[in-house]
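Notes follow once the structure below has been shown.
The values are calculated or read from the model by the stated rules, or taken from the named source; none is laboratory data. Here the structure is a predicted model, which means the values were calculated and not measured. All Cβ positions, glycine included, derive from the backbone under ideal geometry; neighbour counts span all protein chains shown. We work out accessible area using only protein heavy atoms, side chains counted, and drop any ligands, DNA or RNA first. Shrake-Rupley method; radii C 1.70, N 1.55, O 1.52, S 1.80 Å.
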Amino acid sequence: NAVSSFLHMRREVFDALLRCTKPASLWDLYAFTSGTSKFKNSNPKERLLTEYFRLLGKGSFRPSMDMIEKGSFTFSNDLWRISSINSNYAMCQSYPFALIVPKGISDEEVLQASTFRARCRLPVVSWCHPRSGAVLARSSQPLVGLMMNMRSNTDEKLVAALCTQLASVRGARRKLYIADARPRKNALANGAMGGGSESSSNYFQSEIVFFGIDNIHAMRDSLARLRDYLDTHGATSSDGMSSFLRHGGWTWGGGNLSSMSASVSTLGDSGWLIHVQNVLAGSAWIAARVALESASVLVHCSDGWDRTTQLVSLASLLLDPYYRTFTGFQ
């Protein structure tokens with residue numbers, strides 16, 4: 001009986017792995033089938049506020065729809081506050097209804113600063129260190145224009161407010177790194193369309209760093225080449241298993257040295273692994289600045305889309321153990 005039970009369990013595990021390996025639809029992915037949500041309430045607004053309260057040290061408060069409807073969620077600590085300026089999404093359609101901003105910046109200044117950033121995606125706090133006061137912030141590019149000489153006093157004031165005082169040195173202000181995810185030449189080219197990158201001389205105690213991560217168009221082309229590579233070298237047989245997996249990985253690309261070299265060369269030509277490397281290296285660099293220097297980091301690309309999200313999300317995972325729990329990761 002014990003043997004029979006073990007074999008049955010082993011078969012169930014195998015079947016489960018097979019379903020997760022070859023999902024028939026998006027909802028069959030392991031992320032969705034691994035169990036019930038750890039959140040009692042799946043309302044996204046309440047979930048966002050729950051996280052904001054945690055970051056601001058107000059974890060004892062519990063958000064509710066009544067709180068959201070009344071706009072009574074604008075809690076603050078010594079450094080940061082939750083703003084309801086975007087509660088009807090009139091300021092920025094693609095930002096959430098609640099935003100964490102520096103406490104010393106008024107809603108009027110937040111609104112004004114948003115006009116100086118592409119798609120009105122002004123700098124907002126994504127994560128803050130509970131002890132040092134350093135933050136991860138994100139935005140889109142500043143609208144400095146072709147000559148890179150357009151300025152906004154309120155944008156500069158908002159960004160400077162990310163350089164809060166260092167707890168360890170009385171009166172000293174922390175450094176700010178502005179991490180531009182793009183290659184430098186791409187940032188300059190955006191000036192022709194009104195965009196561009198910050199000048200460190202205009203932004204308090206800041207250093208501009210370019211990560212050289214290509215845009216979504218280059219990423220899409222790379223993905224297409226990666227798919228071509230898999231179609232060529234990862235062909236499947238009638239049972240759906242690639243020859244590489246069936247033979248323990250020793251016959252990838254045909255099993256001889258020349259064909260393996262060709263397949264590796266094709267993979268390299270796709271550029272995909274370089275993209276992955278650049279995002280991982282950039283995320284690690286950002287996390288190191290926050291953890292080792294107690295510096296704040298503002299991350300952006302052109303519009304604050306994919307590259308910005310990847311960098312901020314991965315850096316947050318590196319910096320905060322809570323995000324490496326089931327609930328935190330959700």
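Looking at this structure, is residue 167 out of contact with any Phe, Trp or Tyr (no Cβ under 6 Å at 6 or more places or on another chain), among the aliphatic types (A, V, I, L, M) and open to solvent by less than 10 Å² (accessible area, probe 1.4 Å)? For residue 167, the condition - out of contact with any Phe, Trp or Tyr (no Cβ under 6 Å at 6 or more places or on another chain), among the aliphatic types (A, V, I, L, M) and open to solvent by less than 10 Å² (accessible area, probe 1.4 Å) - is not met. Given the structure, is residue 140 touching a residue at least 40 places away in the same chain (Cβ under 8 Å), buried (at least 18 other Cβ atoms within 10 Å of the Cβ) and either more than 26 Å from residue 214 (Cβ to Cβ) or among the basic types (Lys, Arg) (or both)? Taking the combined requirement at face value, the residue does not satisfy it.
If you take the residues in segment 182-235 that are assigned to a loop (DSSP other than H, G, I, E, B) and in contact with a Gly (Cβ under 7 Å, 6 or more places away or on another chain), which one is surrounded by the fewest Cβ atoms within 10 Å (Cβ to Cβ)? Looking at residues that are assigned to a loop (DSSP other than H, G, I, E, B) and in contact with a Gly (Cβ under 7 Å, 6 or more places away or on another chain), I get 194. Across segment 56-73, the number of residues qualifying as open to solvent by 20 Å² or more (accessible area, probe 1.4 Å) and farther than 16 Å from residue 87 by Cβ comes to 6. In segment 296-308, the count of residues that are assigned to a helix (DSSP H, G or I), out of contact with any His (no Cβ under 8 Å at 6 or more places or on another chain) and hydrophobic (A, V, I, L, M, F, W, C) is zero. Look at segment 311-330: where a residue is farther than 15 Å from residue 126 by Cα and a partner is open to solvent by 80 Å² or more (accessible area, probe 1.4 Å), sitting 6+ places away or on another chain with Cβ atoms under 8 Å, you get 326/38; 327/38; 330/38.
Residue-wise test of (1) open to solvent by 70 Å² or more (accessible area, probe 1.4 Å); (2) within 19 Å of residue 126 (Cβ to Cβ); (3) in contact with a Lys or Arg (Cβ under 7 Å, 6 or more places away or on another chain).
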site: 2; (1), (2), (3): yes, no, no
site: 8; (1), (2), (3): yes, no, no
site: 12; (1), (2), (3): yes, no, no
site: 24; (1), (2), (3): yes, no, no
site: 43; (1), (2), (3): no, no, no
site: 52; (1), (2), (3): no, yes, no
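Among the residues of segment 143-167, those that are assigned to a helix (DSSP H, G or I) and either touching a Cys at 6+ places or on another chain (Cβ under 6 Å) or not charged (D, E, K, R) (or both) comprise 153, 154, 158, 159, 160.
Taking every residue in segment 286-305 that is open to solvent by 30 Å² or more (accessible area, probe 1.4 Å) and pairing it with any residue that is among the hydroxyl-bearing types (Ser, Thr, Tyr) and part of a loop (DSSP other than H, G, I, E, B), at least 6 positions away or on another chain, the pairs with Cβ-Cβ distances below 6 Å are 294/132; 303/140.
Looking across segment 87-119, the residues that are over 26 Å from residue 173 (Cβ atoms) and open to solvent by 40 Å² or more (accessible area, probe 1.4 Å) come down to 87, 88, 89, 90, 93, 94, 96, 115, 119. Taken over segment 95-142, the criterion of being on the phi < 0 side of the Ramachandran plot, part of a helix (DSSP H, G or I) and in contact with a helix residue (DSSP H, G or I) (Cβ under 8 Å, 6 or more places away or on another chain) is satisfied by 109, 110, 112, 113, 114. Taking residue 84 as the residue in question, decide whether it is modelled with pLDDT of 95 or more and open to solvent by 20 Å² or more (accessible area, probe 1.4 Å). So residue 84 fits the description; yes. Return the residue satisfying two criteria in turn: it lies in segment 42-88 and is of a type in the set (Phe, Trp, Tyr) and more than 21 Å from the chain's Cα centre (by Cα), and of such residues it is farthest from residue 109 (Cα to Cα). Per the stated criteria, the residue is 61.
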